[in-house]
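The values are calculated or read from the model by the stated rules, or taken from the named source; none is laboratory data. Small disclaimer: the values here were computed from a predicted structure and weren't measured. Note: ideal-geometry Cβ built from the backbone for every residue, glycine included; neighbour counts use all protein chains shown.
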Amino acid sequence: MKLSTILLRKVTLILAITTSLLLTGCGITAGSLHSHAGYADIESPYWWQADSELNLSLGPLAIGTARWVIDADKDPEIDALLNDVDGVRISVYKVEENSQLFIENFDETQANLRADGWQPIARVKGDEQGDYSLMFIKSNGEVIDGLVVLLLSEDEALFVNIIGNIHPNSFEPIMEQVYKKTNSTEPSEEVAVEKI
């Protein structure tokens with residue numbers, strides 16, 4: 001690709017994002033997907049007491065822009081997955097000074113997800129005491145409406161919500177690349193994975 005074409009794409013992208021920000025906030029953040037079945041209500045009052053390190057919310061416009069920028073020939077795996085995704089929400093919280101607060105409320109978050117129809121599919125316990133991850137999905141048959149990952153460690157809490165109409169086979173090429181890079185067919189870190 002010529003340098004001028006690449007430069008033109010980047011300038012167009014910046015102008016599109018700037019125009020979108022000026023005209024409307026709808027679609028840029030995942031908040032516009034609040035009524036989507038894959039939107040997980042994982043916010044809790046205790047979050048406001050915690051030290052937030054990162055809050056990222058990407059909606060259909062931001063995901064669509066990413067689809068436009070990604071070269072489908074170079075990254076077909078990412079392109080295929082982004083075609084299924086409508087939004088992504090990521091929140092990272094510092095836990096060190098709030099650890100008891102998070103431990104007490106992590107169970108409440110799980111219970112709220114289950115009550116909203118989310119199905120737990122995996123629990124991973126790390127080597128460190130108190131380190132664990134949970135994965136939930138909400139599906140309507142063959143298509144996954146949303147995916148939630150909750151991770152709690154000694155110093156951080158991570159909440160991820162992927163929203164869309166995700167076909168499970170979209171993940172296969174990405175996982176193949178992960179295993180190729182580690183030269184293995186199994187995850188390298190020794191952890192206890194419990195299928196729920």
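Quick notes on this structure:
- The sole residue among Glu156, Glu194 that is modelled with pLDDT under 65 and out of contact with any Leu (no Cβ under 7 Å at 6 or more places or on another chain) is Glu194.
Listed here are the residues, each with its yes/no results for (1) surrounded by 15 or more Cβ atoms within 10 Å (Cβ to Cβ); (2) modelled with pLDDT of 85 or more.
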position	(1), (2)
Gly87	yes, yes
Val92	yes, yes
Val95	yes, no
Gln100	no, no
Phe106	yes, no
Gln119	no, yes
Glu128	no, no
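- Residues in the range 29-79 that are at pLDDT below 75, surrounded by fewer than 18 Cβ atoms within 10 Å (Cβ to Cβ) and closer than 24 Å to Pro120 by Cβ: His34, Glu43, Ser44, Pro45, Tyr46.
- Sole exception among (1) modelled with pLDDT of 85 or more; (2) surrounded by fewer than 18 Cβ atoms within 10 Å (Cβ to Cβ) for Ile163, by number: (2)
- If the condition is being farther than 22 Å from Gly164 by Cβ and in a loop (DSSP other than H, G, I, E, B), then the range 105-144 contributes Gly126, Asp127, Glu128, Gln129, Gly130, Asp131.
- Taken over the range 137-161, the criterion of being touching a helix residue (DSSP H, G or I) at 6+ places or on another chain (Cβ under 6 Å) and of a type in the set (D, E, K, R) is satisfied by Asp155 alone.
- Output for the range 56-104, where each listed residue is assigned to a strand (DSSP E or B), touching a residue at least 60 places away in the same chain (Cβ under 8 Å) and within 14 Å of the chain's Cα centre (by Cα): Val85, Asp86, Gly87, Val88, Arg89, Ile90, Ser91, Val92
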